[in-house]
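K.L.:
Starting off with a structure, shown below.
The values are calculated or read from the model by the stated rules, or taken from the named source; none is laboratory data. What you are looking at is a predicted structure, and each value in this text was computed from that prediction instead of being measured. Cβ sites come from the backbone with ideal geometry, for glycine too, and all protein chains shown count toward neighbours. We work out accessible area using only protein heavy atoms, side chains counted, and drop any ligands, DNA or RNA first. Shrake-Rupley method; radii C 1.70, N 1.55, O 1.52, S 1.80 Å.
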Amino acid sequence: MSEPRINDRIRVPEVRLVGPNGEQVGIVRVEDALRLAAEADLDLVEVAPMARPPVAKLMDFGKYKYEAAVKAREARKNQVNTIIKEIKLRPKIDSHDYETKKGHVVRFLKGGDKVKVTIMFRGREQSRPELGFRLLQKLAEDVAELGFVESAPKQDGRNMVMVLGPAKKKTAVRNEKRAEKAARQQAEDTEPNAESSPEVDSTAS
């Protein structure tokens, strides 16, 4: 998005002028608007160039740009980027490897990420797609408390693919982690100091 025209770059005969506090000044010649801006040590900024006549406002353009940049940065910070992790399995995977792979899926879902699970068929395994389908079904059931099937198993060339979505969104996971950290910090701050416990008088009879 391009910056608005300001001051001498506004090349129209007149503008509908808005004051620095949002008050409507009315339609004035652009020369008069520029003079008012100079007297108030402000900029004349074209805020609605397509209006007839264009709308211009008296403001501190440097301050306006700074505040807009801060808002944009905050918006980016709060924006959640969807990350898709990928796990690859073989249709005849042994139980130990399965548990390891499932552990990765669990960790990803707990972190609020989507998981693309790919079953890779080789050679004659391609004639037994039901093996991959059953394996994906089992995995979905094993992690049902943490995620749901967002995209059902489907054949993709020599592979079969399923996408699992997290039960908790990334923002919720992040907020929970912040709350847990704050609770731990509070618990540490309020923990009684062992050195302040009363001493026992060994000379008492």
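K.L.:
What is the chain by shape, rounded, prolate or oblate, if you read a ≥ b ≥ c off the alpha carbon gyration tensor as root eigenvalues and call it rounded for a/c under 1.5, prolate for a/b larger than b/c, and oblate otherwise? Write out the running numbers ahead of the final one.
P.N.:
Numbers: a/c = 5.44, a/b = 1.50, b/c = 3.63.
Oblate, because a/c is 1.5 or more while a/b does not exceed b/c.
K.L.:
Taking 8 Å as the Cα distance limit and 6 or more residues as the minimum spacing, I'd like the relative contact order of the chain as a percentage.
P.N.:
With pairs under 8 Å counted, the relative contact order is 14 percent.
K.L.:
Sticking with this structure for a sec: Taking a ≥ b ≥ c as the square roots of the Cα gyration tensor eigenvalues, with a/c under 1.5 meaning rounded and otherwise prolate when a/b beats b/c, else oblate, which class fits the range 29-82? If you can, show how the numbers build up before the last one.
P.N.:
On the way: a/c = 7.40, a/b = 2.08, b/c = 3.55.
In terms of gyration-tensor shape, oblate.
K.L.:
Let me ask another. Choose one of GLY62, ALA40, ILE10: the residue whose Cα lies farthest towards the positive end of the charge dipole of the range 1-116 (beta-carbon charges +1 Lys, Arg; -1 Asp, Glu; about the Cα centre).
P.N.:
GLY62
K.L.:
To the nearest 20 Debye, how big is the dipole of the range 1-76 about its Cα centre, given +1 on the beta carbon of each Lys and Arg and -1 on that of each Asp and Glu?
P.N.:
The calculated dipole for the range 1-76 is roughly 360 debye.
K.L.:
Charges at C-beta only: +1 for Lys and Arg, -1 for Asp and Glu. How large is the resulting dipole of the chain about its Cα centre, in Debye rounded to 20?
P.N.:
Dipole of the chain, to the nearest 20 debye: 1720 debye.
K.L.:
From the Cα gyration tensor of the range 1-53, with a ≥ b ≥ c the square roots of its eigenvalues, which class applies: rounded if a/c is under 1.5, or else prolate if a/b is larger than b/c, or else oblate? Can you show the working numbers first?
P.N.:
On the way: a/c = 1.31, a/b = 1.20, b/c = 1.10.
It is rounded, given that a/c, with a ≥ b ≥ c, falls under 1.5.
K.L.:
Return the carbon/sulfur percentage of the accessible area of the chain, one whole number, probe 1.4 Å, all protein chains in place.
P.N.:
Exposed carbon and sulfur together represent 50 percent of the surface.
K.L.:
Expressed in nm to one decimal, what extension gain is obtained for the pair LYS77 and GLU141 from 0.36 nm per residue of sequence separation less their Cα-Cα distance? Kindly include the intermediate steps, with their values, before the conclusion.
P.N.:
Values: separation 64, 0.36 × 64 = 23.04 nm, distance 3.41 nm.
Here the answer is 19.6 nm.
K.L.:
Same structure, new question: Taking the Cα centre of the range 56-142 as origin, sum charge times position over the Cβ atoms of Lys and Arg (+1) and Asp and Glu (-1), and report the length of that vector in debye to the nearest 20.
P.N.:
260 debye
K.L.:
Using the heavy atoms of the protein chains alone and a 1.4 angstrom probe, what is the accessible area of the chain per residue in square angstrom? Display every interim value, and only then the final one.
P.N.:
Numbers: 14520 Å² over 205 residues.
I get 71 Å² per residue for this part.
K.L.:
Can you give the helix-only mean residue ellipticity at 222 nm for the chain, where every DSSP H stretch with n ≥ 4 adds -39500 (n - 2.57) and the sum goes over all residues, rounded to the nearest 500 deg cm²/dmol? Don't skip to the end; give the middle numbers.
P.N.:
Values: 5 runs with 79 residues, N = 205.
Estimated from H runs of four or more residues: -12500 deg cm²/dmol.
K.L.:
For a 31 Å ceiling on Cα separation, which of these pairs sit above it: LYS92/LYS114; LYS92/LYS181; LYS102/LYS154?
P.N.:
Details: LYS92/LYS114 24 Å; LYS92/LYS181 42 Å; LYS102/LYS154 20 Å.
Violating the 31 Å limit, Cα to Cα: LYS92/LYS181.
K.L.:
Starting from 0.36 nm per residue, how many nanometres of slack lie between ARG11 and ILE84 once their C-alpha separation is accounted for?
P.N.:
21.3 nm
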